[in-house]
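Enquirer: Dropping the structure in here first, questions after.
The values are calculated or read from the model by the stated rules, or taken from the named source; none is laboratory data. Everything numeric in this text was worked out from a predicted model, so none of it was measured. As a convention, Cβ positions derive from the backbone with ideal geometry for all residues, glycine included, and neighbour counts pool all protein chains shown.
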Amino acid sequence: MPKPIVTLNEVSYRYPHAPGGTPPALSNVSLDIARGEFVALVGANGSGKSTLARLLNGLIRPAPGEALVDGKSTADPANLDRIRETVGMVFQNPDSQIVATTVGDDIAFGLENMGIPPDEIERRIEETARRFGVAELLGREPHWLSGGQKQRTVLAGVVALRPRVLVLDEPTSMLDSRSQREFRELIDELWRDGATIVYITHLMEEIVTAPRLVALQDGAIVYDGAPRGFFSQPELTASTGLTPPLAVRISQALAARGHRLPPALSLTELVEAVCA
Amino acid sequence: MCLGLRLELDEAGLVYQPGLPFSATALEHVFLQVEPGERVGIAGPVGSGKSSLLELLAGITPPTSGQVLHDGQPVGRAGPKPGTIGLSFQAPENCLFENTVAADVAFGPGRLGLDKEEVARRVRSALEATGLDESFEQRHPFSLSGGEQRRVGLAGVLALEPRALFLDEPTAYLDPAARLDLIDRLVELNEESGATVVMVGHDMDELSRFAQRLLILDAGRMVADGPAPGLLADAGLLRDHGLEPPGTVTLAGLISRAASLPVEPFLTEEQAVEALARIMEGR
Ligand SMILES: Nc1ncnc2c1ncn2[C@@H]1O[C@H](COP(=O)(O)OP(=O)(O)OP(=O)(O)O)[C@@H](O)[C@H]1O
Ligand SMILES: Nc1ncnc2c1ncn2[C@@H]1O[C@H](COP(=O)(O)OP(=O)(O)OP(=O)(O)O)[C@@H](O)[C@H]1O
Ligand SMILES: [Mg+2]
Ligand SMILES: [Mg+2]
């Protein structure tokens, strides 16, 4: 296995003001993510996904346990600048991440902070804005955009920084299905170019196509492997707040009527199995 | 017994920041009549005007041209009659402001002049409907996960028990099981109370489970308005407007091509299972 770029070592986390009696948001989580991996992180509302994401760029620190990015611990404040350059984060709520008064300035903000020269900034803004479909909106005020337009603005701002690890917390929750697919293609492109992707999602299509699936339940990892193995366990699927994909539901209904098929995860596989 | 609200748009249009350099035309010439008790879905690509249409229909954003009517009466600048509508914004978590979940959900119904017991009953029933148990009642809304906040926002709107409910992408941030639950709750609520329910969504499977009638928007214009099953089964129409058909419709297309025999088009999962079983039995 190649050297991990992200490591969580027996990590637990409890929010400072959590009411007495509530269990920790994460308990005893260990996870290695190799350079260039694509990991989908799933689980019911409140299972600890966003908490895990916040640990990855040092926004919060584990106690007890250890979070390492590229071998550097998030516990040492001296490492945080480097860690945040390495790990780009897209938060769940786009409003919380918009900082500037125009879309163009918003994308420029992070680049300026990194000390990138002005003409290079111009070039990157233009390139990412085009890729994310916000080129026409560069002069607009972000708070007056539609939900999906805001989400694209935030994505463009983070991707423009070209982080080696991208942590995306439900990045397409407000996009229509075509924009969702286009966005996923963009992320796959970055992934093929070598970026490491941690992708939090509730969307079935994004889940079944992920190479590696990590599922959380009540702050603990309950599955780590290929999506196929996950969906072949109906109880696990249900207890993590997920529902089986359409192809699995239909296969199961057919099996109940005596038509046994090889397990299908996607519609294409289902059609092949039926017509075989 | 709650009677649904009748909604009407008479050549309504909406321009944001008219006359300014970045003025944006969000909607043009929309005619629409929604009967009391209808379940209407609104679909369309990013920026097509869905949220704008929902806010116009709810009467909380005045149109810049044309008219909005509730029960045949023009909605004035003051907005809809108190207690008639409930609207959940695309980012309802931004509208949480009380110190506890229970207080937040009680805020709206608490201003309707109801007695305390009735408010408490509504708060409990709304929290239950969104899957938040009693342990959440005294939590601070900002100390919740994204999906939990969304549930609180939705509960606050359900607790109004209004004559018309307007929901903007209510399933965003919810986990898959909670999405199905919410849709089923909305259908149940509509059937039991007769309230009019209008929902913006971008998941066609969810819209197919929810809507009797579907409106499709593209670039600020209403490009389709009709019974949801027919429009959702029309893969060509949906794709022309940047939308993906429901999974079952995609499956119908794939299977009729692969089996190289005509397959009756289907929309529901039961129909899909039926059609596939027949193909397998025919061999
Ligand atoms: N307050 C505002 N000021 C200026 N323009 C606005 C404002 N709100 C929305 N717009 C613009 O109006 C158009 C329609 O926006 P609307 O929010 O209705 O779209 P939508 O279909 O809901 O999109 P999404 O799927 O992204 O939520 C968009 O081009 C948007 O940029
Ligand atoms: N700021 C906070 N203070 C106290 N508790 C919190 C805070 N943020 C989250 N929690 C709690 O920690 C647990 C994990 O939350 P987290 O946000 O990681 O969940 P999630 O898996 O991202 O859920 P969602 O799908 O709803 O976004 C939940 O029980 C939540 O209520
Ligand atoms: Mg979260
Ligand atoms: Mg919208």
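Enquirer: Please go through the range B:259-283 and give me each residue that is surrounded by fewer than 17 Cβ atoms within 10 Å (Cβ to Cβ) and either part of a loop (DSSP other than H, G, I, E, B) or among the polar types (S, T, N, Q) (or both), ordered by number.
Expert: Correct list: B:Ser260, B:Leu261, B:Pro262, B:Glu264, B:Pro265, B:Thr268, B:Gln271, B:Gly282, B:Arg283.
Enquirer: Within the range A:171-181, track down each residue that is at the interface with another protein chain (Cβ under 8 Å from one of its Cβ atoms) and away from ligand 4 (no atom under 16 Å from the Cβ).
Expert: Of everything in the range A:171-181, just one residue is at the interface with another protein chain (Cβ under 8 Å from one of its Cβ atoms) and away from ligand 4 (no atom under 16 Å from the Cβ), namely A:Arg181.
Enquirer: Within the range B:115-137, count every residue that is touching a helix residue (DSSP H, G or I) at 6+ places or on another chain (Cβ under 7 Å) and of a type outside the set (Phe, Trp, Tyr).
Expert: The total comes to 10.
Enquirer: Right, something else. Let me confirm something: among A:Gly48, A:Gly71, which residue is within 14 Å of another protein chain (Cβ to nearest Cβ) and either within 16 Å of ligand 4 (Cβ to nearest atom) or out of contact with any helix residue (DSSP H, G or I) (no Cβ under 8 Å at 6 or more places or on another chain) (or both)?
Expert: Going through A:Gly48, A:Gly71 in turn, just one is within 14 Å of another protein chain (Cβ to nearest Cβ) and either within 16 Å of ligand 4 (Cβ to nearest atom) or out of contact with any helix residue (DSSP H, G or I) (no Cβ under 8 Å at 6 or more places or on another chain) (or both): A:Gly48.
Enquirer: Follow-up. Looking only at the range B:141-189, how many residues end up being farther than 16 Å from A:Met174 by Cβ, charged (D, E, K, R) and in contact (Cβ under 8 Å) with a residue 24 or more places away in the chain?
Expert: 7
Enquirer: Checking A:Ala100 against (1) farther than 23 Å from A:Trp191 by Cα; (2) modelled with pLDDT of 95 or more, which test does it fail?
Expert: Going through the list (1) farther than 23 Å from A:Trp191 by Cα; (2) modelled with pLDDT of 95 or more, A:Ala100 breaks only (2).
Enquirer: Among what's in the range A:250-262 and is crowded, with 16+ Cβ neighbours inside 10 Å and not hydrophobic (A, V, I, L, M, F, W, C), pick the residue that is farthest from the other protein chains (Cβ to nearest Cβ).
Expert: The residue in question is A:Ser251.
Enquirer: Counting residues that are away from chain A (no Cβ under 14 Å) and among the polar types (S, T, N, Q), which strands (runs of 3 or more DSSP E) fully inside the range B:170-258 reach at least 1?
Expert: Result: B:196-200.
Enquirer: Now for a separate question. Filter the range A:49-82 down to the residues that are among the aliphatic types (A, V, I, L, M) and in contact with a Lys or Arg (Cβ under 6 Å, 6 or more places away or on another chain), then identify the one that is farthest from ligand 1 (Cβ to nearest atom).
Expert: Among them, the one singled out is A:Ala75.
Enquirer: Could you say which residue among B:Ala43, B:Ala26, B:Ala58 is more than 14 Å from every other protein chain (Cβ to nearest Cβ), within 16 Å of ligand 4 (Cβ to nearest atom) and touching a residue at least 60 places away in the same chain (Cβ under 8 Å)?
Expert: B:Ala58
Enquirer: Let me ask another. I'd like the residue in the range A:136-170 that is surrounded by fewer than 21 Cβ atoms within 10 Å (Cβ to Cβ) and more than 8 Å from every other protein chain (Cβ to nearest Cβ) and, out of all such residues, is farthest from ligand 1 (Cβ to nearest atom).
Expert: A:Arg164
Enquirer: If you check B:Ala91, B:Ala58, which single one turns out to be more than 19 Å from B:Leu217 (Cβ to Cβ) and within 16 Å of ligand 1 (Cβ to nearest atom)?
Expert: B:Ala91
Enquirer: Same structure again: Considering only residues that are at positive phi and either within 16 Å of ligand 3 (Cβ to nearest atom) or within 14 Å of chain B (Cβ to nearest Cβ) (or both), which ones fall in the range A:1-39?
Expert: Across the range A:1-39, the qualifying residue is only A:Gly21.
Results for (1) of a type in the set (A, V, I, L, M, F, W, C); (2) under 25 Å from the mean Cα position of the chain (by Cα), shown as yes or no for each residue.
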| site | (1), (2) |
| --- | --- |
| B:Asp218 | no, yes |
| B:Leu232 | yes, yes |
| B:Ala258 | yes, no |
| B:Val263 | yes, no |
| B:Leu276 | yes, no |
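Enquirer: Now a separate question. Take B:Gly153 and decide whether it is within 16 Å of ligand 2 (Cβ to nearest atom), of a type in the set (Gly, Ala, Ser), closer than 18 Å to A:Tyr15 by Cβ and assigned to a helix (DSSP H, G or I).
Expert: Answer is no for this residue.
Enquirer: Among (1) within 16 Å of ligand 3 (Cβ to nearest atom); (2) out of contact with any helix residue (DSSP H, G or I) (no Cβ under 8 Å at 6 or more places or on another chain); (3) within 14 Å of chain B (Cβ to nearest Cβ), where does A:Glu235 come up short?
Expert: It fails just one condition, (1).
Enquirer: Give the residue, chosen from A:Leu186, A:Leu190, A:Leu161, that is in the same structural domain as A:Val29 (by TED's automatic domain parsing) and in contact with a Lys or Arg (Cβ under 7 Å, 6 or more places away or on another chain).
Expert: A:Leu186 is the lone residue from the list that is in the same structural domain as A:Val29 (by TED's automatic domain parsing) and in contact with a Lys or Arg (Cβ under 7 Å, 6 or more places away or on another chain).
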